[in-house]
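The values are calculated or read from the model by the stated rules, or taken from the named source; none is laboratory data. The structure presented is a predicted model; accordingly, all values stated were derived computationally and were not measured. Cβ placement follows ideal geometry from the backbone for every residue including glycine, while neighbour counts extend to all protein chains displayed. Please note that ligands, DNA and RNA were not included when accessible areas were found on the heavy atoms of the full protein model with its side chains. Shrake-Rupley method; radii C 1.70, N 1.55, O 1.52, S 1.80 Å.
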Amino acid sequence: MPSHRARVLLLNAALGPLDYRVDREHDVVPGSIVLAPLGPRQIAGVVWEADRMPSDAEVGDNRLRPLAGVYDLPPIAAPLRRLIEWTASYYLAPPAAVLRMALASASALDGGRTVTEYRATGHVPDRMTAQRTQALERIGERQGLVRELAMAANVSDAVIRGLVKAGAIEAVTVAVDDPFPIPDPGHHQPELSKAQHEAAGALVAAVKAEAFQPFLLDGVTGSGKTEVYFEAVAEAIRRGRQTLVLLPEIALTEPFLKRFEARFGHVPVAWHSDLRQSQRRRAWRAIASGEAMVTVGARSALFLPYRNLGLIVVDEAHETSFKQEDGVTYHARDVAVMRGHFEGCPVVLASATPAIETRQQVALGRYAELRLPGRYGAAELPEIVTVNMLDTPPPRGRWLSPPLVEMIGQTIARQEQALLFLNRRGYAPLTLCRHCGHRFQCPNCTAWMVEHRLLARLQCHHCGHIMPPPRACPECHEEDALVACGPGVERIADEVAALFPDARTAIVTSDTLWSPAKAAEFVTRMDEGEIDIVIGTQLVTKGYHFPNLTLVGVIDADLGLSGGDLRAAERSFQQIAQVAGRAGRGAKPGHVLVQTREPSAPVIQALVSGDAESFYAAETESRRAANAPPFGRYAAIIVSAEKQDEAEETAKRIGRTAPQVEGMAVYGPAPAPLAMLRGRHRYRLLVHARRALDVQDVIRDWLGGVDWPRTVRVAVDVDPYSFV
Ligand code: ADP
Ligand code: ZN
């Protein structure tokens, strides 16, 4: 019998679920995507089992408003509904905020098979303005909605519409329901080595079993982890089941698409923030219908409504960029494992430098471990050598030590490529006045303004605030007294240009590789030997495979060790091991030079000796001793407000009402290390608890009993990765 009442979770994070009347013409089941009236508006939502989603507003049958409609889309399946509940509860987020990630393409909900997009015709109108010139220049080959083109060109919608009238931009009809081609599992199957074959066999068997099983695929850089999990993907395709591959950065999507196409004959469906609305809509619908066989994406792809998921892969699973820091603060690696649990499918975490959390799951027998001990084929792991910056320092005001300069020279003389790694964007991290000592600070954040010489401006890396490079000091008005302190990648590039004037260099950071298309262009230039020396941030440390890259120089290995973050040593190890892993992936051997002032530090020793095991063992023991994750757990409570006293007052009130719970300690409140961020003052409390404690439940009760003004924001970060 059709129910006459439906509980609906609406896409409004401020609201709990509401009940509606279901009229006879509508047929709904749990998971149905519906349109419901809310005040004068109509808003999308999903029908939920009433007993799993308590409502705080019980309304009598006679006062219920009727549902406005039911979308002609597959219902959100039970495993995804369970995942949404779990995520909301574990990360203390409103269920509607999690649901929003599943219904990520609002436009996908509406019917219609075509979308009108716009693109340049090449015709230049007689009447040109500065705005029109800028628009046409920036639009280039781009195609999209008027709004998307206006955003890309940084002009108003009216400018774009004017260009349409003038014939410089034309409308094109895009079919959004075109099917995606089905990847061919047998298109180009590689011959696997013995170790690869064994690992692939275990994964294929798990895909066949159609049951939950987490794996750690632990193989050194270049061991062929991708080829191995591709075999599991092939098996899922053969069985008609969908695969989701999560990558840590959208910049890695493009090279992945190429590799996938070489193996399977077609590219997979891509999902990331750079998609046009029509692409997003096409992908969403194909994912929901089950027709998108393989989807590759950044963490937001995790909550999409796959119809019959048979395999999840998290590549570079140790990457901290899987941790979402805004809005719902979830860790995509951990949620991926939960999704596999609810869907009943295997989950593969692939990494050359697995996180201690993941290793611990292996040690407990919860995850199966598959190992690939050596590089594929003739390639050898590169030798890692340190350069003691106290013994062989660079000349004053320079950052490349003589041994590194010599190696770079030899490498490019052999027509091989070199990569210099420094995890600092821009020219210099700090600018100060030599005369009065004034330092340029962001007006909105506790952070220095970073000089970006290529863009001729100072920029805050936290809030994006920019200012033109000043000529005179704003404090003492002395001219030409400003000095750049410390290096960023642009400064290293200057030094390289001075030392090797003929070398062709490229700077690779999120400033230069801001779209998948830019990343693809970089890969092509590297492959075709158009670049000799790359200077890059963490963006170049992972995923890439450049066979002719034989030298990696780490400019400052000590940089990541400051800061006192609980994962600092582990992260430094991972980052340097990953960037070292870019060297010597082809037939030619690779070399890695690590510049450090502390060659005897355990992290550096572990890298040089190749003895990762004892380093991990020592790190794991110190975590155990401190009852830090994965042995104990943390949750951060961050209180922020534009007015400092409001933030402080609320934080103190929360601190005073902290419950006394056995096995739980509360530290703070204290001003956060980033005491001001985007114009808001921040205070932090840190909850430290034993593993078995339901810390979420405790925090829910505790914060539920405290009131604060609407101008104050209280955010909870469960299992935090950032301690600022
Ligand atoms: P990882 O992901 O472990 O760093 P990759 O999967 O990128 O390693 O493999 C490194 C390189 O070796 C790639 O160019 C890959 O195509 C190649 N390779 C690995 N295994 C094989 C194989 N069995 N047959 C042919 N090429 C392989
Ligand atoms: Zn700022």
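Please verify whether Ala202 is touching a residue at least 40 places away in the same chain (Cβ under 8 Å), in a helix (DSSP H, G or I), in contact with a Phe, Trp or Tyr (Cβ under 9 Å, 6 or more places away or on another chain) and surrounded by fewer than 22 Cβ atoms within 10 Å (Cβ to Cβ), treating the condition exactly as stated.
The answer is yes for Ala202.
Mind counting the residues in the range 636-685 that are within 26 Å of the chain's Cα centre (by Cα), within 24 Å of Ala93 (Cβ to Cβ) and of a type in the set (A, V, I, L, M)?
8
Could you grab me the full set of residues in the range 154-179 that are hydroxyl-bearing (Ser, Thr, Tyr) and open to solvent by less than 20 Å² (accessible area, probe 1.4 Å)?
Answer for the range 154-179, where residues must be hydroxyl-bearing (Ser, Thr, Tyr) and open to solvent by less than 20 Å² (accessible area, probe 1.4 Å): there is none.
Run down Val172, Val176, Val228 and say which single residue is within 16 Å of ligand 1 (Cβ to nearest atom), touching a residue at least 40 places away in the same chain (Cβ under 8 Å) and touching a strand residue (DSSP E or B) at 6+ places or on another chain (Cβ under 9 Å).
Val228
Determine which single condition Leu419 fails, assuming it passes every other condition in (1) within 16 Å of ligand 1 (Cβ to nearest atom); (2) exposed (fewer than 15 other Cβ atoms within 10 Å of the Cβ).
Leu419 satisfies all of (1) within 16 Å of ligand 1 (Cβ to nearest atom); (2) exposed (fewer than 15 other Cβ atoms within 10 Å of the Cβ) except (2).
Only one of these is surrounded by 22 or more Cβ atoms within 10 Å (Cβ to Cβ) and within 24 Å of Leu92 (Cβ to Cβ): Val347, Val337, Val328. Name it.
Residue meeting the stated conditions: Val347.
Is there any pair linking a residue in the range 377-389 that is open to solvent by 60 Å² or more (accessible area, probe 1.4 Å) to one that is β-branched (Val, Ile, Thr) and more than 16 Å from ligand 1 (Cβ to nearest atom), with Cβ under 8 Å and at least six apart or on different chains, and which?
Going by the 8 Å Cβ cut-off, the qualifying pairs are Val385/Val594; Val385/Val608.
Select from the range 56-112 the residues that are surrounded by fewer than 16 Cβ atoms within 10 Å (Cβ to Cβ), part of a helix (DSSP H, G or I) and of a type outside the set (A, V, I, L, M) and list them in ascending order.
Asp61, Asn62, Arg63, Ser89, Ser107, listed by residue number.
List pairs: first residue in the range 250-261 and assigned by TED's automatic domain parsing to the domain that holds Gln538, second residue within 16 Å of ligand 2 (Cβ to nearest atom) and modelled with pLDDT of 90 or more anywhere in the structure, Cβ distance under 7 angstrom, at least six positions apart or on different chains.
Partner pairs satisfying both residue conditions: none exist.
Could you grab the pairs with beta carbons closer than 9 Å, sequence gap of 6+ or different chains, first residue in the range 428-457 and in contact (Cβ under 8 Å) with a residue 60 or more places away in the chain, second one within 14 Å of ligand 2 (Cβ to nearest atom) and among the basic types (Lys, Arg)?
Sorted first by the residue in the range 428-457, then by its partner, the pairs are Asn444/Arg678; Asn444/Arg680; Cys445/Arg678; Thr446/Arg682.
Residues that are under 24 Å from Ala577 (Cα atoms) and among the aromatic types (Phe, Trp, Tyr): list the strands (runs of 3 or more DSSP E) wholly contained in the range 354-460 that include at least 1 such residues.
417-421
What do you reckon, is Val28 under 27 Å from Leu92 (Cβ atoms) and aliphatic (A, V, I, L, M)?
no
Identify, please: which residue in the range 211-221 is modelled with pLDDT under 95 and open to solvent by less than 20 Å² (accessible area, probe 1.4 Å) and is, among those, farthest from ligand 2 (Cβ to nearest atom)?
Among those that are modelled with pLDDT under 95 and open to solvent by less than 20 Å² (accessible area, probe 1.4 Å), it is Gly219.
Output the number of the condition that Asp274 fails; it satisfies all remaining conditions of (1) open to solvent by less than 20 Å² (accessible area, probe 1.4 Å); (2) under 24 Å from Gln578 (Cβ atoms); (3) part of a loop (DSSP other than H, G, I, E, B); (4) away from ligand 1 (no atom under 16 Å from the Cβ).
So the condition that Asp274 fails would be (1).
Condition check: away from ligand 2 (no atom under 16 Å from the Cβ), hydroxyl-bearing (Ser, Thr, Tyr) and in contact (Cβ under 8 Å) with a residue 24 or more places away in the chain. Does Thr392 satisfy that?
no
State all residues of the range 231-249 that are within 14 Å of ligand 1 (Cβ to nearest atom), closer than 16 Å to Ile182 by Cα and not hydrophobic (A, V, I, L, M, F, W, C); if no residue qualifies, say none.
Across the range 231-249, the qualifying residue is only Glu231.
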